[in-house]
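The values are calculated or read from the model by the stated rules, or taken from the named source; none is laboratory data. Keep in mind it's a predicted model, so treat the numbers as computed, not measured. Cβ placement follows ideal geometry from the backbone for every residue including glycine, while neighbour counts extend to all protein chains displayed. Just so you know, the surface numbers come from the protein's heavy atoms only, side chains and all, with ligands and any DNA or RNA stripped out. Shrake-Rupley method; radii C 1.70, N 1.55, O 1.52, S 1.80 Å.
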Amino acid sequence: MIELAVRSGMPRMTARVHVDLLLSENGRRTAAELTRRLKVSPASVSVAVNFLVDQGFVRRERDPQRRRDIYVVDDDAWYRSVVISARQTLESARAALAGADTVGLDDPAGQRMARAGAFLERVTLDMLESANRWRNLLT
């Protein structure tokens, strides 16, 4: 699983943290637990977790009794990740469409940008629609 994530572009340490959380019994670990289990520095875990949170794979919960964060992979993580990725791609699509308008559709570069933007926008909107339609499979 780690190698697949790395081949997909995820940094190796991030993939290790993600897989460790996925394989944990309850999908929850503290930074100290991740550091101890993976035999890495707290800074490495922090960087990895921040990436995973930004991408929607993991969420943070605060343990009010111990004043520390708990990192959680829950059933909704895959949905959140797809939505975050789709929103980022949609931004790229709309930037390409805006670039096409600026360059002009009479220019070959403008035509390429318009085609790319339209494609990315349609595929991304389809992906968001599909994620919403099939979200109930996660619960």
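Summed over the residues of the stretch 17-119 and divided among them, the accessible surface reaches 59 Å² per residue at a probe radius of 1.4 Å.
Taking amide H as placed 1.01 Å from N in the peptide plane, the amide H of Thr30 sits under 5 Å from that of Tyr71, each at least 5 places away or on another chain.
With coordinates expressed along the principal axes, the C-alpha atoms belonging to the chain extend over 61, 33, 30 Å, beginning with the largest. Shown for the chain are the DSSP H helices of 15 Å or more along their axis, judged by Cα atoms, with a mean Kyte-Doolittle hydropathy of at least 0.5: 12-23, 42-54. Taking the accessible area of the stretch 1-75, probe 1.4 Å, and keeping the other protein chains in place, the carbon and sulfur fraction comes to 50%.
Computed per residue of the chain from DSSP H runs no shorter than four, each worth -39500 (n - 2.57), the mean residue ellipticity at 222 nm is -22000 deg cm²/dmol.
Between the amide H of Val58 and those of Val53, distances stay under 5 Å, these residues lying 5 or more places away or on another chain, with hydrogens modeled in the peptide plane.
Roughly what percent of Cα-Cα pairs across the stretch 1-59 reach past 19 Å? Distances greater than 19 Å cover 18 percent of the Cα pairs. The Ile84 and Leu105 beta-carbon pair, evaluated with R₀ = 25 Å, returns a calculated FRET efficiency of approximately 0.20. Estimated from the Cβ-Cβ distance and a Förster radius of 35 angstrom, the FRET efficiency linking Leu23 and Leu125 is about 0.55.
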